[in-house]
1. How many residues does the stretch 103-127 hold that are under 20 Å from Asn55 (Cβ atoms) and either small (Gly, Ala, Ser) or not in a strand (DSSP E or B) (or both)?
2. Let me spell it out: the conditions are (1) among the charged types (D, E, K, R); (2) at pLDDT 95 or above; (3) farther than 16 Å from Leu47 by Cβ, and Asp121 meets all of them except one. Which number is the exception?
3. Take the residues in the stretch 235-251 that are at pLDDT 90 or above and more than 20 Å from Gly163 (Cα to Cα); name whichever of them is least open to solvent (accessible area, probe 1.4 Å).
4. For the stretch 23-58, which positions are open to solvent by 60 Å² or more (accessible area, probe 1.4 Å) and in contact with a helix residue (DSSP H, G or I) (Cβ under 8 Å, 6 or more places away or on another chain)?
5. Could you pull out every one of the helices (runs of 4 or more DSSP H) wholly within the stretch 1-100 that has 1 or more residues that are over 27 Å from His112 (Cα atoms) and within 16 Å of ligand 1 (Cβ to nearest atom)?
6. Before we move on, is Leu159 part of a strand (DSSP E or B), surrounded by fewer than 18 Cβ atoms within 10 Å (Cβ to Cβ) and not β-branched (Val, Ile, Thr)?
7. Exactly one of (1) in contact with a strand residue (DSSP E or B) (Cβ under 6 Å, 6 or more places away or on another chain); (2) within 16 Å of ligand 2 (Cβ to nearest atom) is unmet by Asp96. Its number?
8. Check Val229, Val194 and return the single one that is surrounded by 13 or more Cβ atoms within 10 Å (Cβ to Cβ) and without any contact (Cβ under 8 Å) to a residue 24 or more places away in the chain.
Amino acid sequence: MHANGLGLVEQFLACPVCGLAMAVDDRAVRCERGHTFDIARQGYVSLFGGGRRANTGDTPAMVQARADFLSAGHYAPIAQAVSDAIPADAEGLAVDLAGGTGYYLSAVLERHPQLVGLDIDLSTYALRRAAGAHDRLAAVAADVWQPLPVQDAAARVVLSIFGPRNAPEIRRILPETGRLIVVTPTPAHLGQLVGPLGMIAVDALKQQRLDEQLAAFQRLSQTPVEYTVQLVHRDILNDVLMGPSAHHVDADALRAAVGRLPEPTAVTISVSVAVYAPR
Ligand SMILES: C[S@@+](CC[C@H](N)C(=O)[O-])C[C@H]1O[C@@H](n2cnc3c(N)ncnc32)[C@H](O)[C@@H]1O
Ligand SMILES: [Zn+2]
């Protein structure tokens, strides 16, 4: 069982039912009032406070495609930029919201040995991988649109990378000295693929709109990360299947469209890495 990471973050967890402190043993995470959440065989724990779940996050196929794509290293410069954005002396808790398979959080933990990591995601398929991704990483299933199972002002760093953002909850778990790091695609991201493959154009979230959404924070910096990768057909398929377009394309039509692209195809990766502090 990979419960090591859970033990390292227990002091920061809050019961999703009653908000009290939690303790972790080999089998379960329990609050002071006795609400008990069993640790899954694969090392993650589900911390839901009740109520219906709107969805279950990424499917096994999406998670597989994402893991394959990320392991090829195409987004390594993004992981590097995120790690660079964190102060070298940062210690304590780093929370990755909708952190998926733990790819970015693992890179951050590798670079910052004084941090322990908490990956919160809805997809238990992603969390199975995350639980084994790094020995200082804890994988927790929870819905980022619900109160997070994290104590007030407990996080030194919050990461939000290509995922949904719940600004009031992020603000609640960050102290004044904490930092929020947000990665968003620019309109140029994957530009060569969007048209030919009928992908949903990446959410060209204007910086202004992001700043509005994050009105409780002030932006300290914003770093563009833009480069070109050479993608073979397999990478291109994974890239489509790991994202929101996966729900909108017919698999055979997609394969055919990918087959018509040059191999390799030069593709622009273009994101913004922004650092925010609570106001
Ligand atoms: C585009 S992926 C990004 C994952 C990761 N940040 C990365 O870049 O590799 C979006 C992630 O959000 C998760 N997700 C979607 N809705 C969620 C929610 N309401 N709460 C928590 N996670 C959610 C999905 O399961 C998926 O892992
Ligand atoms: Zn409780």
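1. Qualifying residue count, the stretch 103-127: 6.
2. Exception for Asp121: condition (3).
3. Looking only at the stretch 235-251, we keep the residues that are at pLDDT 90 or above, and these are 235-242.
Retained after the next criterion (residues that are more than 20 Å from Gly163 (Cα to Cα)): 235-237.
Numbers: Asp235: 22, Ile236: 0, Leu237: 17 Å².
If we take residues in the stretch 235-251 being at pLDDT 90 or above and more than 20 Å from Gly163 (Cα to Cα), then Ile236 is least open to solvent (accessible area, probe 1.4 Å).
4. Within the stretch 23-58, just Thr56 meets the criteria.
5. Those helices (runs of 4 or more DSSP H) span 60-71.
6. On the way: part of a strand (DSSP E or B): yes; surrounded by fewer than 18 Cβ atoms within 10 Å (Cβ to Cβ): no; not β-branched (Val, Ile, Thr): yes.
Answer is no for this residue.
7. (2) is the only condition that Asp96 fails.
8. Val194
The values are calculated or read from the model by the stated rules, or taken from the named source; none is laboratory data. Quick caveat, the model's predicted, so the values are computed rather than measured. No Cβ is skipped: glycine too gets one built from the backbone with ideal geometry, and neighbour counts run over all protein chains shown. Accessible surface areas use protein heavy atoms only, side chains included; no ligands, DNA or RNA. Shrake-Rupley method; radii C 1.70, N 1.55, O 1.52, S 1.80 Å.
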